[in-house]
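The values are calculated or read from the model by the stated rules, or taken from the named source; none is laboratory data. The model shown is predicted, which means the values in this text are computed figures rather than measured ones. We place every Cβ from the backbone using ideal geometry, glycine too, and count neighbours over all the protein chains shown.
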Ligand code: DC
């Protein structure tokens, strides 16, 4: 079974997808982590993030997999490195290169071969348009900034995080290749005012209800 969860930055996709994967006994496919890993490797290698061809060669060469902690890049667990501020700031640019996406999407389908909960923008529209269940989590930009702030707990102001979220929303929804959008037939779940548990239970009801 493939469950795809789409939505903008900070809508709670990661938390909800992890809980859903556990509940359903499926692999968690964090597609954003794969773009973050490529971006991390690009920055480490001093490659220009605006150089599409150079970024695409990095994406084609890097070996990505997942262990119980998270992403593994060329055999080394890099879950912490890919969440850095430098990666946050560069990832939308790297992920917008069509050649980078073309190199990464087939890997995502391989990871999900035996079933998965796949999370990330474009998972419901491009990567798994035929998924058994497709959800789009939405939340206001301010609510998403509040969640990011409490997740990080590093004292960064909500206003700064909000500005970054708005910048990424704009980049992610206006890029030409696979922009963030609500696909047809995708169930939209407005998460404002709902806890992660409440969102998970809504999604589980929908998955179980549909297969009952
Ligand atoms: O969900 P996240 O914040 O880890 O995603 C990091 C970046 O990767 C985000 O700016 C958009 C990009 N991304 C993408 O383009 N396609 C995906 N399927 C997942 C993430």
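Brief remarks on what is shown
- Looking at 11, 17, just one residue is under 27 Å from residue 208 (Cα atoms), within 13 Å of the ligand (Cβ to nearest atom), assigned to a loop (DSSP other than H, G, I, E, B) and touching a strand residue (DSSP E or B) at 6+ places or on another chain (Cβ under 9 Å), and that residue is 11.
- When the range 20-29 is filtered for residues that are farther than 14 Å from residue 137 by Cβ and touching a strand residue (DSSP E or B) at 6+ places or on another chain (Cβ under 6 Å), the ones remaining, listed by number, are 21, 26, 27, 28, 29.
- In the range 162-175, the residues that are part of a helix (DSSP H, G or I) and within 12 Å of the ligand (Cβ to nearest atom): 164, 165, 167, 168, 169, 170, 171, 172, 173
- Any chance residue 112 is touching a strand residue (DSSP E or B) at 6+ places or on another chain (Cβ under 7 Å), at negative phi and more than 10 Å from the ligand (Cβ to nearest atom): yes
- Candidates 75, 70, filtered to the one that is surrounded by fewer than 13 Cβ atoms within 10 Å (Cβ to Cβ) and in contact with a strand residue (DSSP E or B) (Cβ under 9 Å, 6 or more places away or on another chain): 75
Every residue, every condition in (1) touching a strand residue (DSSP E or B) at 6+ places or on another chain (Cβ under 9 Å); (2) more than 22 Å from residue 126 (Cβ to Cβ); (3) surrounded by 15 or more Cβ atoms within 10 Å (Cβ to Cβ), yes or no:
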{"residue": "162", "(1), (2), (3)": "no, yes, yes"}
{"residue": "167", "(1), (2), (3)": "no, yes, no"}
{"residue": "172", "(1), (2), (3)": "no, no, yes"}
{"residue": "179", "(1), (2), (3)": "no, no, yes"}
{"residue": "192", "(1), (2), (3)": "yes, yes, no"}
{"residue": "195", "(1), (2), (3)": "no, yes, no"}
{"residue": "203", "(1), (2), (3)": "yes, no, yes"}
{"residue": "209", "(1), (2), (3)": "no, yes, no"}
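Residue-by-condition table, conditions (1) within 10 Å of the ligand (Cβ to nearest atom); (2) modelled with pLDDT of 90 or more; (3) within 26 Å of residue 64 (Cα to Cα):
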{"position": "101", "(1), (2), (3)": "yes, yes, yes"}
{"position": "138", "(1), (2), (3)": "no, yes, no"}
{"position": "148", "(1), (2), (3)": "yes, no, yes"}
{"position": "198", "(1), (2), (3)": "no, yes, no"}
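- Residues in the range 20-31 that are out of contact with any helix residue (DSSP H, G or I) (no Cβ under 8 Å at 6 or more places or on another chain) and within 16 Å of the ligand (Cβ to nearest atom): 21 only.
- Selection count where residues are near the ligand (Cβ under 9 Å from one of its atoms) and surrounded by fewer than 24 Cβ atoms within 10 Å (Cβ to Cβ), scope the range 36-49: 0
- If you go through the range 130-151 and keep only what is surrounded by fewer than 18 Cβ atoms within 10 Å (Cβ to Cβ), touching a helix residue (DSSP H, G or I) at 6+ places or on another chain (Cβ under 9 Å) and outside any helix (DSSP H, G or I), you end up with just 132.
- Residue in the range 183-193 that is nearest to the ligand (Cβ to nearest atom), counting only those that are farther than 17 Å from residue 130 by Cβ and assigned to a loop (DSSP other than H, G, I, E, B): 191
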